[in-house]
Amino acid sequence: MPIFTQSEVNLHTHSFYCGHGTGEIGDFVSEALRLGNIKVLGFSEHCQTPDNFYPDRMRYETFETYTDVVNSFREGGYNAVPSLTVLLGAECDWNTQYTNYYRYLKEGAGFNYLIGSVHYFFDKEAQRLLYMGKCRDVKPYLSKYVEEYTQMLSSGLFLFGCHPDLYCYHTEWDKDMESAASEIIACAKENNMPLEVNGQGCLKKHIREDGSIRYPYPVPEFWAMAKEAGVKVCINSDAHNPIHLDTPRARAFASENGLDDLLVKWEITEGKVSLYQ
Ligand SMILES: [Zn+2]
Ligand SMILES: [Zn+2]
């Protein structure tokens, strides 16, 4: 039964197919082989819906090409490149309108796994989706974020919750942010769902008012609470370019915040990925 440690596995990556990334699928495979430590590389393109609901994403019409190209690296089983297991995944935005579609992808469309995210708020005034990274003040949307993120965690559709602290992007920590974290972490614990320390967030730095520096995400306050609760933790690059496939900052963040003992192991048998208990 093949068991992999967190440092051997990267399940969150995006190629040029996503519409805001760089690099072909093959470039990511080459980089994983060059790095040497990665034994399992999962592609998790932002999942487009049949009605092309999400902006700044690959069109639904291209989704099949993406899956064909990833699958070409898995021909003859799940190990066309002998030292690397390549997996087909997708990162799905939680949306109750599309749960049946996500279930179909998970169970009937040959995907090895799905991962769950909340990236957007619905701006009622403007009647449009607002990307969290562009939202200067998260407070008006915070309860909606918690509601959607916890629905995603408890849906049973996803392998782990991506960047749970994305809501901290531009907003500083306070009691409201803490109670949001508390609900998300309790839900993850209850559903035995790993939460992700995300490497993409570690590529940027924000300067706090007091001059100290933090990543937009992950943020220490959130992960101190996750540690306290004992939730399972995974680390992924969320690379949108092959040069970001390695995760030195995210790994250092996890170590510095005492998360090493909570890191998951993955069991992967013939393309089926599950949490090794
Ligand atoms: Zn992306
Ligand atoms: Zn994401």
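Against the longest principal axis of the chain, how steep is helix 25-35, in degrees 0 to 90 to the nearest 10, with axes from Cα atoms?
80
Restricting to bridges with both residues inside the chain, how much of the DSSP beta-bridge set is antiparallel, in percent to the nearest 5?
Working: 14 of 36 bridges.
In the chain, approximately 40 percent of DSSP beta bridges are antiparallel ones.
What is the mean projected area of the alpha carbon convex hull for segment 76-137, to one decimal in square nanometres?
Numbers: hull surface 25.9 nm².
With the hull built on Cα positions only, its mean projection is 6.5 nm².
Return the tail of the calculated pair distribution for the chain, meaning the percent of Cα-Cα pairs more than 30 Å apart. Provide the component values of the computation, followed by the final result.
On the way: 9180 of 38226 pairs.
Roughly 24 percent, rounded to a whole number.
Using helices alone, I'd like the mean residue ellipticity at 222 nm for the chain: each DSSP H run of four-plus residues gives -39500 (n - 2.57), total over residue count, nearest 500. Intermediate results must be reported in sequence, preceding the final value.
On the way: 7 runs with 81 residues, N = 277.
Dividing the helical sum by the residues of the chain leaves -9000 deg cm²/dmol.
With each pseudo-label sitting 7 Å past Cα toward Cβ, what's the D176-T99 distance in nm, one decimal?
2.8
Using Cα atoms only, what is the angle between the long axis of helix 60-72 and the major principal axis of the chain, expressed in degrees (0 to 90) to the nearest 10?
50
Once you have the Cα-Cα distance between Q277 and N52, take 0.36 nm times their residue separation minus that, and quote the gain in nm to one decimal.
Working: separation 225, 0.36 × 225 = 81.00 nm, distance 3.72 nm.
Extra length from Q277 to N52 when fully extended: 77.3 nm.
Please return the longest range in the chain lying between exposed loop sites, taking GluC sites (Glu not before Pro), DSSP loop only, at most 14 other beta-carbon atoms within 10 Å, and leaving the sites out. Don't skip to the end; give the middle numbers.
Numbers: sites that count: E24, E75, E125, E172, E209, E270.
Of all site-free stretches, the longest is 210-269.
Which value results when the Cα radius of gyration for segment 159-277 is divided by 2.2 N^0.38 Å?
For segment 159-277, the normalised Cα radius of gyration comes out at 1.06.
Could you give the C-alpha radius of gyration of segment 7-81 expressed as a fraction of 2.2 N^0.38 Å, taking N as the number of residues it contains? It would help to have the intermediate numbers written out before the result.
On the way: Rg = 13.0 Å, N = 75, 2.2 N^0.38 = 11.3 Å.
Rg over 2.2 N^0.38 Å, computed on Cα atoms: 1.14.
Please compute the Kirkwood hydrodynamic radius over segment 93-234, one decimal place, Å, based on all pairs of different Cα atoms.
Details: mean 1/r = 0.0636 Å⁻¹.
Hydrodynamic radius (Kirkwood, Cα pairs) of segment 93-234 is 15.7 Å.
Using a basic spin-label model with each label point 7 Å from the Cα along Cα→Cβ, how many nm lie between S30 and D123?
Here the answer is 4.0 nm between the modelled labels.
Using the Cα centre as the reference, give the magnitude of the dipole from point charges on the C-beta atoms of the chain (Lys, Arg: +1; Asp, Glu: -1; all else neutral), rounded to the nearest 20 debye. Before the final figure, lay out each step's value.
Details: 25 positive and 38 negative charges, 31 e Å.
Computed charge dipole of the chain: roughly 160 debye.
The numbers here are math on the coordinates, done by the rules we state, and not lab data. Worth saying up front: this structure is predicted, and the values here are computed from it rather than measured. We place every Cβ from the backbone using ideal geometry, glycine too, and count neighbours over all the protein chains shown.
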